[in-house]
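For reference, the structure discussed in these notes is given below.
The values are calculated or read from the model by the stated rules, or taken from the named source; none is laboratory data. All of these numbers come straight from a predicted model, not from anything done at the bench. Cβ placement follows ideal geometry from the backbone for every residue including glycine, while neighbour counts extend to all protein chains displayed. Note: areas computed on protein heavy atoms with side chains; ligands, DNA, RNA excluded. Shrake-Rupley method; radii C 1.70, N 1.55, O 1.52, S 1.80 Å.
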Amino acid sequence: SSMLRPALAFLGRPLAATALALATGSAGKRFVFGPPPFLPFVGAQAGRAAGGTSRFWKVVAGASAVRTMASACSNSKFKVGLCQTAVSTKKDESLANVKVAVESAVQKGAELVILGEMMSCPYATKFFREYGERLPNQGELPSEADAPTAKLLSDLAKEHNVWIVGGSVPELDGEKVYNTCCVFDTKGQIVARHRKVHLFDIDVAATDKRPAMKFKESDVLSAGESLTLVDFPWCRAGIGICYDVRFPEMALALRKRGAKFLIYPGAFNMTTGPAHWQVLSRGRANDTQCYVAMVSPSRSTDPKDYQAWGHTTLVNPWAEVVVEAEHEAGVWVVEVDPSEADRIREQVPTSYQKKEDLYVPYADDADEDAAVGERRKRARM
């Protein structure tokens, strides 16, 4: 397959993927299809989805799915709304801010709206369980009693006929708490759910140039175990949350599975934000030749609160900053052109130039499936 890749680079993506599937023998792989937008479950997820034993579902695609499935996405331009909202200790105030921001984005023409991490919960471990929500099962709509944030976003998506990447909320599942991003389609249904894979556990000493920063999400939160991809009408997107952006392997795995847009709700702070926020967003865009959106809450006016960096950002596949906000609340609507990712990838074809004889390719299907299976085996022990 490595010998075929340079030649296939000159074909359109769907045709190249189909040709590669036939050449590598992966076209016959069996998939179990999940909820809309009907991306395939693979590996361990397939059995859980088919058996119906899990109370949550994942929209996950393996690299082989990219080879065997021609994307139904239009690859056409669309407008994305980036909403940087204020967070209060009163959830109803935070949700009122979210509602105003989403409606403003829609009025400005947004077809996809993205919100920041923990946009209805103060960012501190002591609040995560208290502000937690129990998200609905597959095929169900969220309720006001169990999931007020999800209910609002579901209602807004349906009312305004808009897709929403709902930042993140603390998700309660049994005794565990996850940092979870839900994606809502235009019918108000949750079609994907990403649980933050890499938890924010850091201990940075102060210097003469930066304040100290110590935070340990794992004191309360559990880590997710899956990659998440969503087929929007315009392109396939990969979802991560905040600290996930620091791991290029994850971004490259999403890229390998067909993503042209990487979306990271995040809440960097006054130590890591100035140093790394833009560097990481541009770095992931350069690594993957994708659009990258990093959407933050606004910075609190109370110095005793967690101080979010803000600076909601959109970067294009050439790693140019298209939008970078300051730290105040606001809404920015920008056009995204998925075909730009195709052009950049053809001009700088790094995905076909990897030296697989020198280093292990990222996100190898067999290795990944084995690793996921081993983690789950250990978790059951």
query = Using modelled backbone amide H atoms (1.01 Å from N, in-plane), which distant-in-sequence or interchain residues come within less than 5 Å of residue 262's amide H?
reply = 238, 291, 292, 293
request  = Grab the beta carbon distance between residue 125 and residue 320, set R0 = 30 Å, and tell me the FRET efficiency rounded to 0.05.
outcome  = 0.25
message = For region 124-244, what is the number of Lys pairs with C-alpha distance below 22 angstrom, counting only pairs 8 or more positions apart or on separate chains?
response = 12
ask   = For region 170-311, what is the largest minus smallest coordinate of the Cα atoms on each principal axis, given in angstrom and ordered from greatest to least?
value = 47, 39, 27
note = Pseudo-spin-label distance residue 146 to residue 304, built 7 Å along Cα→Cβ, given in nm, is 3.5 nm
ask   = So how much accessible area does residue 99 have, in Å² to the nearest 10, using a 1.4 Å probe?
value = 80 Å²
Heavy-atom SASA rank of 232, 247 (probe 1.4 Å, accessible area, largest first) = 247, 232
inquiry  = Keeping every protein chain present and rolling a 1.4 Å probe, give me the accessible area per residue for region 78-155 in Å².
reply    = 40 Å²
Share of carbon and sulfur in the accessible heavy-atom surface of region 96-251 [1.4 Å probe, %] = 48 percent
